[in-house]
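Okay, structure first, notes after.
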Amino acid sequence: MLTDAEWKVMRCLWEKSPATARDVATRLDTGWAYTTVRTFLDRLAGKGAVRAKKAGGTLAYAPVLTRSQARRTA
């Protein structure tokens with residue numbers, strides 16, 4: 001089950017991925033710090049909702065769950 005904040009991050013990734021934590025933090029209109037976004041992405045990776053892949057020294061995140069799969073688990 002995703003929290004409201006995790007849904008915001010997932011929506012951002014569904015729109016454009018793969019994306020780095022910095023990309024997501026820039027696109028989100030929440031005012032969250034980079035470290036906060038990184039924490040959410042790490043949590044989502046732990047839940048199996050996103051996968052992280054090393055890309056040139058940084059991690060790029062991509063959704064594993066589709067929107068419909070995420071809605072079913074809500």
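The values are calculated or read from the model by the stated rules, or taken from the named source; none is laboratory data. As the structure is a prediction and not an experimental result, all values here were calculated from the model. Backbone-built Cβ (ideal geometry, glycine too); neighbour counts: all protein chains shown. Calculation scope for accessible area: heavy atoms of the full protein, side chains included, ligands and nucleic acids excluded. Shrake-Rupley method; radii C 1.70, N 1.55, O 1.52, S 1.80 Å.
Some points to look at:
- The stretch 1-38 - residue that is touching a helix residue (DSSP H, G or I) at 6+ places or on another chain (Cβ under 7 Å) and of a type in the set (Val, Ile, Thr) and, of those, farthest from residue 66 (Cα to Cα): 30
- Residue in the stretch 35-45 that is under 16 Å from residue 4 (Cβ atoms) and in contact with a Cys (Cβ under 8 Å, 6 or more places away or on another chain) present: no
- Neighbours by Cβ (under 7 Å, 6+ apart or cross-chain): first from the stretch 40-54, without any contact (Cβ under 8 Å) to a residue 60 or more places away in the chain; second hydroxyl-bearing (Ser, Thr, Tyr): 41/61; 50/61; 52/61
- The residue pairs whose first member lies in the stretch 1-30 and is in contact (Cβ under 8 Å) with a residue 60 or more places away in the chain and more than 20 Å from residue 53 (Cα to Cα), whose second member is open to solvent by 20 Å² or more (accessible area, probe 1.4 Å) and not aromatic (Phe, Trp, Tyr), and whose beta carbons are closer than 7 Å, counting only pairs six or more residues apart or on different chains, are 1/73; 1/74; 2/74.
- Those residues of the stretch 26-74 which are open to solvent by less than 40 Å² (accessible area, probe 1.4 Å) and of a type in the set (Asp, Glu), in sequence order: none
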